[in-house]
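Notes follow the structure.
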Amino acid sequence: MSSTSRPGPRETGLQERNRLEEESRTSLQDRFGKSLVISTKPDKVQSAKQVRPIKRITPVPDFTKLYVLGKEVMPSGHKFMAVHFARRKDDGLECVVKLRIKPHCFRTQSEEISWRRSTEYLLNMPRNDNIARIYEVLEDPKALYIVMEKVNGMDLFETLAQERPTVDHAREIIQQLLRAMAHLHAEGAVHKDLKLENVMVDCADLSPKSRRKPSINSDLSDLGLTPTSVKVIDFDTVDQWAPNSPVGREVVGTDQYIAQEAYAGKYSPLSDVFAVGVIAYRLLCGRFPFHAELFDDEPGENWVGSPKMDEIRSKLQTAKVDFSHKVFRLNPDATDLLSRMLSHRENQRPSAAAALQHPWFEACISPKRSSTSSNVSRRMGGYPSEGSDLSPKKQPSVSSEEANREVSDSEVLTVRSRSAMPCWASEDVAQEERLSPLCKTDKVCRVSVISSS
């Protein structure tokens with residue numbers, strides 16, 4: 001991201017918006033290429049069998065004639081929204097239904113129009129192994145009903161309250177999150193509100209010793225568990241995106257996870273990458289990367305251009321992320337990746353597709369997943385050509401004695417210089433480099449994104 005100066009005293013709100021929009025176009029155009037155009041009109045040369053029917057929000061007389069609503073999944077923070085378990089009557093499908101209760105579920109008509117557009121966009125997003133489905137969206141006189149795949153497991157917030165994952169398991173979770181985002185971004189959309197509560201993890205028993213009763217202090221690895229399914233939920237904030245998308249009018253998301261440019265209304269795939277970096281930091285060291293007192297805004301101040309949003313953005317642009325925790329010292333590749341994903345400069349962050357090629361993930365990429373990631377990356381235009389060396393200089397190995405040594409949090413970690421940026425971090429450079437062989441493993445996690453609204 002090109003550096004953005006704060007507006008001068010004579011600069012009007014309209015001038016500020018126009019300037020930010022122009023900066024967004026010029027900086028992101030270089031990273032993501034031409035605007036993404038989605039056409040819903042079938043190609044004249046396609047046969048009827050090749051044309052997928054366009055899904056729409058479907059009006060029905062009475063939703064309860066089609067589904068049986070069960071208990072509430074969790075209390076909703078919105079008075080006119082609710083999430084319930086449900087069962088479809090005609091085939092017994094177990095699912096989750098999100099209700100938007102009329103007539104007060106939208107604040108403005110423009111918000112409703114935007115929501116309907118984004119929801120139908122998600123309904124028609126191509127199916128993928130990394131995407132959990134929205135089965136359908138129905139509407140009756142009482143409410144709108146988003147019928148979604150039922151997700152097993154716990155969200156990451158609940159998981160961390162019970163046990164912290166090992167570094168290997170945290171790496172698998174982050175890899176799956178990046179795959180989910182790479183697919184979403186390749187389809188021309190951004191999430192805008194990734195956080196611990198929006199990521200579900202389902203652990204499966206993979207070894208006999210996991211059958212014993214767990215203790216309160218048990219670690220995931222002690223139980224023989226590994227995250228086999230990681231799913232992103234709650235897509236209320238998902239929106240279509242292109243490099244020339246206009247600057248937003250509201251700051252959307254959750255403090256700690258919002259990138260500095262988003263406080264100025266500039267959302268992009270790289271804003272989602274920042275949020276994944278925050279989640280990764282929390283998984284690895286157990287805390288957030290920024291001090292909580294930095295986010296001191298009050299309700300009603302989250303509009304783009306407000307003094308408080310400008311203040312928080314300015315603080316984030318100068319905030320330093322602390323990488324002195326021992327987990328970062330013992331895992332330099334993880335530190336290298338996170339330091340780039342958490343960069344306050346948008347254009348110094350890798351895309352999700354490019355981040356998947358970082359050496360930190362080589363140990364848990366299978367041939368099948370490697371092929372899938374490459375397909376997404378080619379669509380994003382961010383992966384290098386075949387057969388080259390993508391790795392940064394190899395880090396010194398850590399001995400078992402060193403790995404087990406207690407390291408004081410005050411010990412300062414020396415991070416690799418940004419001047420020696422590996423080619424994976426820059427799509428322009430990566431196009432001229434070759435991809436190193438990916439390591440093989442039998443341990444593969446399946447990730448899915450739940451497209452809900």
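The values are calculated or read from the model by the stated rules, or taken from the named source; none is laboratory data. Just so it is clear, the structure is predicted and the values come from calculations on it, not from any experiment. Here Cβ is always computed from backbone atoms with ideal geometry, including for glycine, and neighbour counts include all displayed protein chains.
If you go through the range 280-298 one residue at a time, do you hit one that is in contact with an Asp or Glu (Cβ under 7 Å, 6 or more places away or on another chain) and more than 25 Å from Ala182 (Cβ to Cβ)? Yes - at least one qualifying residue is present in the range 280-298. The numbered conditions (1) in contact with a helix residue (DSSP H, G or I) (Cβ under 7 Å, 6 or more places away or on another chain); (2) among the small types (Gly, Ala, Ser); (3) modelled with pLDDT under 90 are all true for Ala170 except (3).
Could you please find all residues in the range 82-95 being surrounded by fewer than 16 Cβ atoms within 10 Å (Cβ to Cβ) and part of a strand (DSSP E or B)? Correct list: Phe85, Arg87, Glu94.
Screening the range 39-61 for residues that are closer than 30 Å to Lys102 by Cα and surrounded by fewer than 10 Cβ atoms within 10 Å (Cβ to Cβ) and picking the one that is modelled with the lowest pLDDT gives Thr40. Go through (1) exposed (fewer than 15 other Cβ atoms within 10 Å of the Cβ); (2) at pLDDT 85 or above; (3) more than 17 Å from the chain's Cα centre (by Cα) for Phe157 and report which single condition fails. In the conditions (1) exposed (fewer than 15 other Cβ atoms within 10 Å of the Cβ); (2) at pLDDT 85 or above; (3) more than 17 Å from the chain's Cα centre (by Cα), Phe157 misses (3) alone.
Among the residues of the range 109-118, are any more than 22 Å from the chain's Cα centre (by Cα), in a strand (DSSP E or B), closer than 20 Å to Val238 by Cβ and not acidic (Asp, Glu)? There is no residue in the range 109-118 that is more than 22 Å from the chain's Cα centre (by Cα), in a strand (DSSP E or B), closer than 20 Å to Val238 by Cβ and not acidic (Asp, Glu).
If you go through the range 295-336 and keep only what is over 23 Å from Pro246 (Cα atoms), of a type in the set (A, V, I, L, M) and either without any contact (Cβ under 8 Å) to a residue 60 or more places away in the chain or touching a strand residue (DSSP E or B) at 6+ places or on another chain (Cβ under 6 Å) (or both), you end up with Ala319, Val321.
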